[in-house]
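The values are calculated or read from the model by the stated rules, or taken from the named source; none is laboratory data. Here the structure is a predicted model, which means the values were calculated and not measured. For neighbour counting, all protein chains shown are included, and Cβ atoms are generated from backbone atoms with ideal geometry for every residue, glycine included.
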Amino acid sequence: MILSVIYSAILLSSIGMTAAIILFIVSKKFYVYEDPKITEVEDILPAANCAGCGSPGCRAFAEKLVHTEDISELFCPVGGNEVMKEVAKILGKEVAEKDPTVAVLRCQGSCDMRPKTTLYQGPRTCAISAMVYGGETECQYGCLGDGDCVEVCDFDAMYMDEESGLPVIITDKCTSCGACVKACPRDIIEMRPKNKRDLKIFVGCLNEDKGGIAKRSCDVACIGCSKCVDVCPKGAITMNNNLAYIDPVACALCRKCVEVCPTHSIIETNFPPKKVKKPTEEKPKAAKLEVEKVAVVKANVESEKPKTDA
Amino acid sequence: MLKTFPKGGVHPEENKFTSSKAIKRMSAPKVVYVPIAQHIGIPSEIVVDRKDKVEIGQVVAKSGGFVSSNIHSPVAGTVTKLDMMVDTSGYKKQCIVIRTDQKNEANFEEPNFPLKKEITMNQKDILQHIKDSGIVGLGGATFPSHVKLDLKNDNHVDCLIINGVECEPYLTADHRLMLEKADEIIVGIQILMHALHIHEAVIGIENNKKDAVAVLKKAAKDDSRIKVAALKVKYPQGSEKQLIKAILKREVPKGGLPMDVGVIVHNVGTIFAIYQAVQYDQPLIERVVTVTGKKIENASNFWVKIGTPIKDLVEEVGGLPEGTRKIVNGGPMMGKAIKNTDVPVTKGTSGILVIDEEEASRQEAKNCIRCGQCVFVCPMGLEPHLLMNLSEKGLYERAASEDVMTCIECGSCSYVCPSHRPLLDYIRFGKSIVKKLNTAKN
């Protein structure tokens with residue numbers, strides 16, 4: 001009786017020993033050296049796996065950071081400069097400092113502004129409807145409104161506004177990973193620099209049609225009148241194919257172009273409200289819409305005292 | 001037993017209301033809109049300017065490369081502007097707008113070309129004429145014809161197939177053309193056979209056009225090289241690959257061309273255009289268009305000048321009936337809905353189909369019930385349900401390995417799906433992405 005207990009104990013422990021030896025040998029034989037820095041870097045990265053950096057996931061980006069000599073070209077848009085600085089500390093390499101950017105929607109063609117002229121009943125994704133035709137409205141440059149950008153946003157920074165039929169970007173949540181930019185078949189979403197108070201001025205239109213045609217298809221279309229180009233003191237606005245573009249680097253945020261734009265297609269965000277001198281001045285409809293949209297973001301800014309206009 | 005292709009296919013309601021209506025000539029419109037991208041390949045280059053006076057048949061845009069085609073002015077008049085216009089693609093494209101000169105009688109004369117049987121031109125001149133006349137495949141694909149005829153030395157072509165199948169429901173343009181211009185078509189075939197040294201030609205016609213079969217048989221009775229084959233009615237027999245399989249039992253290899261199995265296929269409309277170009281030096285400036293629909297009373301076939309706005313055609317048949325929801329450029333299976341009636345007729349417009357509210361609406365897509373209907377009807381032997389899922393999920397490489405690129409976009413799968421799934425929409429999307437990936441790879 002006691003013997004069988006001893007035998008089984010010896011048998012089990014010898015099996016255990018053999019297995020342990022095999023495992024030990026295998027682990028030595030097939031050992032793969034991995035730079036401990038990779039894990040260290042990976043821990044700092046935001047673990048969003050959004051692929052905004054160009055690598056498939058944070059782990060892959062960490063490997064790339066460790067293995068690349070010059071990492072000044074590499075940047076994690078989600079973590080931003082802070083994360084990149086820490087990465088630089090660990091790796092002892094130099095990183096470039098980039099201005100934080102944020103996605104903006106360059107189309108204001110809401111249902112009121114841009115009436116629908118055709119009816120589409122196919123699958124409701126922008127990619128397919130862009131392949132089929134120019135969209136339900138007369139404007140073939142604007143938002144298709146099927147929300148491919150919202151679908152790909154990993155950070156819940158976008159939602160479709162049911163009333164206007166356009167996506168709305170929640171600036172605070174946007175990490176500028178660029179997924180929406182890639183998803184949009186019309187290239188409506190642009191990454192623009194985000195300064196301290198997130199003040200932005202940009203043309204909210206991509207319509208390259210001639211003025212009359214553009215205006216007929218959408219009330220807030222850029223009609224290519226060049227008034228903004230003339231008024232800009234910095235020469236930051238260029239006019240190409242009947243469409244104005246404001247260079248975010250050169251722009252001094254003076255808001256002169258916003259005032260002169262006859263169709264209100266230039267959008268300003270997060271600026272304090274202007275001191276109204278003319279008592280009867282009506283606020284443009286389009287600007288109002290934009291103000292409402294950014295109201296969430298604005299709440300943070302409003303605590304700061306409004307500066308006088310430039 | 002009539003011949004047909006073996007795999008898949010459907011037989012939709014034919015609705016060929018206009019098959020007994022003779023082709024009427026439409027008078028020249030006041031203004032024509034001539035898009036420069038009317039064919040597959042590189043868009044043509046505009047060679048006229050604003051305020052230029054143009055004659056009928058004058059080149060207004062010249063071929064932009066090898067796979068491209070000349071475009072001729074369909075009317076005599078003045079170029080008023082070079083503008084962007086929505087064309088049949090649904091996008092704004094460059095367009096030449098020509099105002100018809102109302103005083104110029106050439107615009108309103110009925111062209112009179114008596115049958116000319118003798119072929120006097122040599123091979124080289126024939127091919128050059130076809131190229132210069134801007135002839136493209138008039139069946140709807142608009143592939144420049146001279147590219148098809150440009151035989152490399154290692155391609156041995158022994159059979160010419162003439163596509164008079166017209167498998168799309170509603171359309172009767174080719175049918176009427178075969179009835180009315182049978183002799184010219186036979187001469188056109190002889191021209192091509194002469195130019196390419198081919199000794200066999202088969203005209204494929206579906207058996208719902210028995211009169212056309214009889215007429216062409218009669219016209220071809222003096223030439224033993226030309227045969228007429230009556231085919232079983234089955235969609236998509238008008239597709240090149242299916243037609244070759246039906247008539248000659250040869251299978252075009254995956255990703256290959258009919259040339260690889262020694263065949264060239266041309267539509268009857270193209271053959272007639274070739275006849276006109278070679279015998280009378282007439283460029284391609286007009287074509288037969290069927291204007292039809294269930295609610296349209298005066299539905300008929302018309303000789304229409306390229307660039308005529310579709311609204312003129314609709315007016316000709318008595319305007320849009322009440323409750324019209326969709327106007328399709330082409331047939332109901334492969335045609336494309338147009339955005340508005342200002343869209344002009346192009347070289348590829350074989351029909352204008354007006355659909356009412358009841359039939360135009362798509363039904364709500366439900367889940368796939370795995371019935372396998374789509375697999376059963378696919379003429380290319382693909383699995384449409386799988387391809388749709390793959391492109392919906394973004395698995396494009398897998399879709400490519402499942403041969404998404406061999407899809408001929410006939411729409412049979414979407415037609416039979418009992419769950420009304422948008423199979424073709426997604427497959428087409430998958431194809432466009434795979435195409436992009438392939439070009440990026442090269």
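Restricting the range A:88-114 to residues that are β-branched (Val, Ile, Thr) and touching a strand residue (DSSP E or B) at 6+ places or on another chain (Cβ under 6 Å), which is modelled with the lowest pLDDT?
Of the residues in the range A:88-114, the ones β-branched (Val, Ile, Thr) are A:90, A:95, A:101-102, A:104.
Keeping just the survivors that are touching a strand residue (DSSP E or B) at 6+ places or on another chain (Cβ under 6 Å) gives A:101, A:104.
Details: A:Thr101: 87, A:Val104: 91.
If we take residues in the range A:88-114 being β-branched (Val, Ile, Thr) and touching a strand residue (DSSP E or B) at 6+ places or on another chain (Cβ under 6 Å), then A:Thr101 is modelled with the lowest pLDDT.
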Test set (1) under 18 Å from the mean Cα position of the chain (by Cα); (2) crowded, with 18+ Cβ neighbours inside 10 Å - A:Asp154 fails condition number: (2)
Residue check for B:Ser44: out of contact with any strand residue (DSSP E or B) (no Cβ under 7 Å at 6 or more places or on another chain) and under 29 Å from B:Ile135 (Cβ atoms): no
Condition met for B:Ala201 (surrounded by 20 or more Cβ atoms within 10 Å (Cβ to Cβ), free of Cβ contacts under 8 Å to residues at least 60 places away in the same chain and either out of contact with any strand residue (DSSP E or B) (no Cβ under 9 Å at 6 or more places or on another chain) or under 26 Å from B:Gln123 (Cβ atoms) (or both)): yes
Counted residues, the range B:409-433 - those being out of contact with any Pro (no Cβ under 7 Å at 6 or more places or on another chain) and either more than 13 Å from every other protein chain (Cβ to nearest Cβ) or not in a helix (DSSP H, G or I) (or both): 8
Residue that is surrounded by the most Cβ atoms within 10 Å (Cβ to Cβ), among those in the range A:97-109 that are in contact (Cβ under 8 Å) with a residue 40 or more places away in the chain and either within 11 Å of another protein chain (Cβ to nearest Cβ) or in contact with a helix residue (DSSP H, G or I) (Cβ under 7 Å, 6 or more places away or on another chain) (or both): A:Gln108
Residues being surrounded by 20 or more Cβ atoms within 10 Å (Cβ to Cβ) and more than 7 Å from chain A (Cβ to nearest Cβ) - total across the range B:72-92: 9
Hey, B:Ala37 assigned to a loop (DSSP other than H, G, I, E, B) and either touching a helix residue (DSSP H, G or I) at 6+ places or on another chain (Cβ under 8 Å) or surrounded by 18 or more Cβ atoms within 10 Å (Cβ to Cβ) (or both) or not: yes
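Do the conditions hold for B:Glu358, that is, is it away from every other protein chain (no Cβ under 14 Å), at pLDDT below 95 and not in a loop (DSSP other than H, G, I, E, B)?
Numbers: away from every other protein chain (no Cβ under 14 Å): no; at pLDDT below 95: yes; not in a loop (DSSP other than H, G, I, E, B): yes.
Here the answer is no, as B:Glu358 does not meet what is asked.
Consider B:Asn340 carefully, then state whether it is in contact (Cβ under 8 Å) with a residue 40 or more places away in the chain, more than 21 Å from B:Lys305 (Cα to Cα) and either out of contact with any Phe, Trp or Tyr (no Cβ under 9 Å at 6 or more places or on another chain) or facing another protein chain (nearest Cβ under 10 Å) (or both).
Numbers: in contact (Cβ under 8 Å) with a residue 40 or more places away in the chain: yes; more than 21 Å from B:Lys305 (Cα to Cα): no; either out of contact with any Phe, Trp or Tyr (no Cβ under 9 Å at 6 or more places or on another chain) or facing another protein chain (nearest Cβ under 10 Å) (or both): yes.
No, not satisfied.
Do we have any residue at all in the range B:402-410 that's over 25 Å from the mean Cα position of the chain (by Cα) and touching a residue at least 24 places away in the same chain (Cβ under 8 Å)?
No.
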In the range A:131-151, the residues that are among the charged types (D, E, K, R), surrounded by 18 or more Cβ atoms within 10 Å (Cβ to Cβ) and either outside the structural domain of A:Val203 (by TED's automatic domain parsing) or in a helix (DSSP H, G or I) (or both): A:Asp148
Top-ranked residue of the range A:114-130 - restricted to ones that are in a helix (DSSP H, G or I), in contact (Cβ under 8 Å) with a residue 12 or more places away in the chain and touching a Phe, Trp or Tyr at 6+ places or on another chain (Cβ under 9 Å), ranked as nearest to the other protein chains (Cβ to nearest Cβ): A:Ala127
Subset of the range B:93-127 that is touching a helix residue (DSSP H, G or I) at 6+ places or on another chain (Cβ under 9 Å) and under 22 Å from B:Val343 (Cα atoms) - its residue that is farthest from the other protein chains (Cβ to nearest Cβ): B:Asp101
Of the criteria (1) more than 14 Å from chain A (Cβ to nearest Cβ); (2) closer than 30 Å to B:Ile306 by Cα, which one B:Val404 fails: (2)
Selection within the range B:294-329 - within 14 Å of chain A (Cβ to nearest Cβ) and either in contact with a Cys (Cβ under 7 Å, 6 or more places away or on another chain) or surrounded by fewer than 23 Cβ atoms within 10 Å (Cβ to Cβ) (or both): B:Gly323, B:Thr324, B:Arg325, B:Lys326, B:Val328
Helices (runs of 4 or more DSSP H) completely within the range B:83-185 that count 3 or more residues being touching a strand residue (DSSP E or B) at 6+ places or on another chain (Cβ under 8 Å): B:145-149, B:173-180
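Listed here are the residues, each with its yes/no results for (1) modelled with pLDDT of 90 or more; (2) hydrophobic (A, V, I, L, M, F, W, C).
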| site | (1), (2) |
| --- | --- |
| A:Cys228 | yes, yes |
| A:Ile237 | yes, yes |
| A:Leu243 | yes, yes |
| A:Lys275 | no, no |
| A:Glu281 | no, no |
| A:Val291 | no, yes |
| A:Glu304 | no, no |
Residue match in the range A:1-9 (condition: surrounded by fewer than 17 Cβ atoms within 10 Å (Cβ to Cβ) and at pLDDT below 90): yes
Residues of the range B:361-383 that turn out to be in contact with a Gly (Cβ under 9 Å, 6 or more places away or on another chain) and within 14 Å of another protein chain (Cβ to nearest Cβ), as a count: 1
